[in-house]
């Protein structure tokens, strides 16, 4: 099996769509189809279900996991050799759902280790276990703990998530509010996949409610500005109300123990970490994180 064929298989397995995979890989779709067919012939079994939409089957998922680990080990070996003959710290690849909370430790790390190469990548939490096991990234910061085999983790801080409102909103003078009281209120929030949106949907669904969403945005600053302008209310983490949110907002506590963000650093158990990655892990875990309840 050629390495290029295995890497192409991983892209098809991730996207479960031949034309999109061919576009990402910049290869012709018929060529990619032949590559997948050859792999299936060598293995003696289909890797995808082709009734309707292309879907990875049980054999495909099993093969994908082994291919990810194998290619990850190969790439780690290449990096280890490069580090062995280099006098520098090497590189660190950090993935996170948001970098707003990491600007402090990242700036401190760069000042202390200017020669280290830093690569930052946005990633949804559900992709992090796979990427860590495949050694596609070294470290991941998620806004909720990830429960998956083969990972090690450290919780960085536990943050209360409240409701942001315009200063003249009827809720602005409240000290706390329940989820039930928020039903029917217009919400400005992030798009699906963002941790803030997942939290909003989850706390409402736990009470058989659905939030009334009037605006979705990928820009945290725009969300805060729209809330401040009175277009709606929105969930705002306690950390952000002290550091990232620039718009004038009122912050109201939510009377619910599940309306919280638990920010956690993850890395692969037994994975090879470069000196740069180990120093980054030490910097992030040793940072003086604020108490989100203050």
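The values are calculated or read from the model by the stated rules, or taken from the named source; none is laboratory data. Being a predicted model, the structure only gives us computed values, none of them experimental. A quick note on method: Cβ atoms are made from the backbone with ideal geometry, for glycine too, and the neighbour counts reach across all protein chains shown.
Checked against the criterion of being within 26 Å of the chain's Cα centre (by Cα) and not assigned by TED's automatic domain parsing to the domain that holds residue 274, region 34-51 has no qualifying residue.
Could you say whether any residue in region 166-180 is surrounded by 18 or more Cβ atoms within 10 Å (Cβ to Cβ), assigned to a helix (DSSP H, G or I), touching a helix residue (DSSP H, G or I) at 6+ places or on another chain (Cβ under 7 Å) and assigned by TED's automatic domain parsing to the domain that holds residue 142? Yes: region 166-180 contains one or more residues that are surrounded by 18 or more Cβ atoms within 10 Å (Cβ to Cβ), assigned to a helix (DSSP H, G or I), touching a helix residue (DSSP H, G or I) at 6+ places or on another chain (Cβ under 7 Å) and assigned by TED's automatic domain parsing to the domain that holds residue 142. State which residue is surrounded by the fewest Cβ atoms within 10 Å (Cβ to Cβ) when the search covers only region 35-79 and only residues that are touching a residue at least 24 places away in the same chain (Cβ under 8 Å) and in a loop (DSSP other than H, G, I, E, B). Here the answer is 53. Selection within region 226-246: residues that are under 15 Å from residue 189 (Cβ atoms) and at pLDDT below 85. The member of this set that is nearest to the chain's Cα centre (by Cα) is 240. Give me a count of the residues in region 181-205 that are part of a loop (DSSP other than H, G, I, E, B) and exposed (fewer than 12 other Cβ atoms within 10 Å of the Cβ). Of the residues in that region, 3 qualify. Of the residues contained in region 107-124, one or more are found to be closer than 24 Å to residue 240 by Cα, in contact (Cβ under 8 Å) with a residue 12 or more places away in the chain, assigned to a helix (DSSP H, G or I) and out of contact with any strand residue (DSSP E or B) (no Cβ under 6 Å at 6 or more places or on another chain).
Residues of region 87-97 being surrounded by 13 or more Cβ atoms within 10 Å (Cβ to Cβ) and either at pLDDT below 80 or within 15 Å of residue 131 (Cβ to Cβ) (or both), which ones? Matches in region 87-97: 88, 89, 92, 93, 94, 95, 96, 97.
Condition check ((1) in contact with a strand residue (DSSP E or B) (Cβ under 9 Å, 6 or more places away or on another chain); (2) within 15 Å of residue 236 (Cα to Cα); (3) modelled with pLDDT of 95 or more) across all residues:
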residue: 177; (1), (2), (3): yes, yes, yes
residue: 183; (1), (2), (3): yes, no, no
residue: 187; (1), (2), (3): yes, yes, yes
residue: 190; (1), (2), (3): yes, yes, no
residue: 204; (1), (2), (3): no, no, yes
residue: 217; (1), (2), (3): yes, yes, no
residue: 220; (1), (2), (3): yes, yes, no
residue: 224; (1), (2), (3): yes, yes, no
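Answer yes if at least one residue in region 68-81 is outside the structural domain of residue 140 (by TED's automatic domain parsing), within 30 Å of residue 264 (Cα to Cα) and in contact with a strand residue (DSSP E or B) (Cβ under 7 Å, 6 or more places away or on another chain), and no otherwise. No, because not a single residue in region 68-81 is outside the structural domain of residue 140 (by TED's automatic domain parsing), within 30 Å of residue 264 (Cα to Cα) and in contact with a strand residue (DSSP E or B) (Cβ under 7 Å, 6 or more places away or on another chain).
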